[in-house]
1. Give the range A:19-39 a look and list any residue that's surrounded by fewer than 15 Cβ atoms within 10 Å (Cβ to Cβ), of a type outside the set (Gly, Ala, Ser) and in contact (Cβ under 8 Å) with a residue 40 or more places away in the chain, or say none.
2. I'm trying to understand the selection: among the residues of the range A:43-87, which are in contact (Cβ under 8 Å) with a residue 40 or more places away in the chain and more than 20 Å from B:Phe12 (Cβ to Cβ)?
3. Among the residues of the range A:40-59, are any buried (at least 20 other Cβ atoms within 10 Å of the Cβ), under 14 Å from the mean Cα position of the chain (by Cα) and of a type in the set (Asp, Glu)?
4. Select, from A:Ser102, A:Ser111, the only residue that is over 27 Å from B:Ile16 (Cβ atoms), touching a Phe, Trp or Tyr at 6+ places or on another chain (Cβ under 9 Å) and among the polar types (S, T, N, Q).
5. Restricting attention to the range A:105-115, does a residue exist that is touching a Lys or Arg at 6+ places or on another chain (Cβ under 9 Å), of a type in the set (Ser, Thr, Tyr), closer than 26 Å to A:Lys11 by Cα and buried (at least 18 other Cβ atoms within 10 Å of the Cβ)?
6. Can you tell me how many residues in the range A:25-45 are over 21 Å from B:Val7 (Cβ atoms) and either modelled with pLDDT of 95 or more or not acidic (Asp, Glu) (or both)?
7. Just give me the residues in the range A:92-120 being within 22 Å of A:Val73 (Cβ to Cβ) and at the interface with chain B (Cβ under 7 Å from one of its Cβ atoms), in sequence order.
8. Mind checking which residues of the range A:72-99 are modelled with pLDDT under 95 and not in a loop (DSSP other than H, G, I, E, B)?
Amino acid sequence: MAVLTEDVRSKVQEEFKELPGNVKLVVFTQEFECDNCHKNTSFAQEVATLSDQVSIEVNDFVLDKEAVEHYGVDKIPAIAVEGEKDYGVRFYGVPAGYEFTSLIEAIKAVSAGGSGLAARTKETLGELKDPLHLQVFVTPT
Amino acid sequence: MVRADMVEGTEFPHLIVKYHVFGVPKTVVNEEVHIEGAQPEPLFLAQVMRATAKQKR
């Protein structure tokens, strides 16, 4: 059952035509005690159908321990958006509603390997020497 | 090493409680410093840099 409307599908397909590089949606899920896990996996699968350059890899949070550790995933459902390298972009919870745009923008940015941030911002961030963990809390609207 | 997470509140209510999230968006930097609301890029950057500097002391 498709989650995205035909209208949204064609709009995103159009945006994805310009994707310069391949993107992998690394999904973390589990079979039990996670109401939205199946929904999140289906959702990611659907997004992956919108471009040949977007692929999907599904990992079990309990069984695929190596992947869980590699991507540093500590809760599910989760999607890591990875391009040529892992830029540390994670979506925890189903990225529906307003966050759908964030997911699409993340795919585009990761594909380009560029953040679209101002030069001054990149310069300042370049001075960072310690790990940085940003968690942005949102609600579905 | 940078990690940037979107965390959907209704999925993880214990985090909403842990970080005292009363309104969204709310950004938590290194599990400690809170930035309320959406910020223009330079302002957001300044707050992130201030948070990391503060944590070093």
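The values are calculated or read from the model by the stated rules, or taken from the named source; none is laboratory data. Please read these numbers as outputs of a predicted model, since none were measured by experiment. As a convention, Cβ positions derive from the backbone with ideal geometry for all residues, glycine included, and neighbour counts pool all protein chains shown.
1. A:Pro20
2. Passing the criteria: A:Glu46, A:Val47, A:Leu50, A:Gln53, A:Val54, A:Ala67, A:Glu82, A:Gly83, A:Glu84.
3. no
4. After ruling out the rest, the residue left standing is A:Ser111.
5. Taking every residue of the range A:105-115 in turn, none turns out to be touching a Lys or Arg at 6+ places or on another chain (Cβ under 9 Å), of a type in the set (Ser, Thr, Tyr), closer than 26 Å to A:Lys11 by Cα and buried (at least 18 other Cβ atoms within 10 Å of the Cβ).
6. Here the count works out to 2.
7. A:Tyr92, A:Gly93, A:Val94, A:Pro95, A:Glu99, A:Ser102
8. Passing the criteria: only A:Glu99.
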